Amino acid sequence: MSLWGNLDAANNAPKSSATAGYGGNTPQVTANAQVYFANTRLSAFISNSAIGVFGVDATEQTNALTANYGHPQHAGWVLRKTGVGPIESITANTGSVTSNGYITFTGGNGNGATTGNTAANARIYVNTNGSIANVTIISGGLYSNTPVATAASGNAVFTLTLGGRANRVSTETLVAMGSLYGDNDPIF
């Protein structure tokens, strides 16, 4: 029985990987990468992070240069870890008008992530002519990448700055191989 296969599938993922010792909600068999196969859920195994093992063929490895998924150094079996962070600041474009209210945040789960972010809560205050006077962050939430912020009405365009490990993806090649085939994971 080999320790890994060259088909991009859970039953071919490495039997042992660098995922051991991460703690948190790690499954009972922490050294078994098969339980991490194609995981994109935030906090599934580690609080405030998404960790997964992905099969990356040579074409996917090359294409990852243009994607915001992290860039594996080599085709093969790759450990991918995505961090999260809160919204630290929100600014509105000059001359933006809207009404007093709350900002709606969409996205931000990270590229390919399915669930797990915590939504932020922010309030807009306007002056008498409807121009934005202040944006107050009530809670920053947790996001893998920058969400889209929209007001209920008006022309406001918001710029968000995230803190923590948001917008950071690291990859580690566990098994380098150019013969991997198939595409059973949602990222690369």
Using mean Cβ contacts within 10 Å as the protection proxy, how do 79-90, 46-57 order, highest first?
46-57, 79-90
Report the percentage of all Cα-Cα pairs in the range 87-162 whose separation exceeds 22 Å, rounded to a whole percent.
22
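Bear in mind that the values in this text are calculations on the coordinates, not laboratory data. The structure displayed is predicted, hence computed values, not measured ones. Using ideal geometry, Cβ is built from the backbone for each residue, glycine included, and neighbour counts are taken over all protein chains shown.
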